[in-house]
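I have placed the structure first, in the form of C-alpha cells, so that the comments after it can refer back to it.
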Amino acid sequence: MNTAINDTLIVTTVEPISCAPFNAVVGFYGKTLATVLRFPGLTLAALVATIALNVYLYIYVPKGFFPQQDNGRMMGQIIADQDTSYQAMDKILRQMIDIITSDKAVQAVSGFCGGGGPGGGGA
C-alpha cells in the first residue's frame, strides 16, 4: 500500500517536471522542421553550400598535427632551486649556452636569467 502511494506521488510530481525539457526540444524540432519543409529550395541550397564548403576546407586546409617543415627553433628552460642566487644561475646558464653552441648544427643561442613565472617578481 505504501509503495503504491509513493509511486503515485512520484509519477504525479517528478515525472512531469523531468519531461518538460524533452517537450521543449520536441516543440522546437517541430517548429524548425515545419520551416524547413516550407522552403525546400532554400533548404537544398543550404545543403549544397555546406557540402561545397566541406570539400573546399578538405582540399585547402593544412592537415596533420605536426608542421610539414622545420622552423629551426627550439626552446627550453633551466630550473634551479628557489634559493639559487642570480650569480649562480647566470653561471649555470652560461655553461648551458657553451654546451649548446658546441654543436655545429646550432647557429645561435639566446638566454636570460630572472623574472617570469608565478611570483617571479622580475620587472
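A few points about this structure:
- Count of the stretch 22-81 residues which are of a type in the set (Lys, Arg) and not in a helix (DSSP H, G or I): 2
- Residues of the stretch 54-88 satisfying the condition of being surrounded by 11 or more Cβ atoms within 10 Å (Cβ to Cβ) and at pLDDT 90 or above: ALA88
The values are calculated or read from the model by the stated rules, or taken from the named source; none is laboratory data. All of these numbers come straight from a predicted model, not from anything done at the bench. Heads up, the Cβs are rebuilt from the backbone with ideal geometry, glycines too, and the neighbour counts pull from every protein chain shown.
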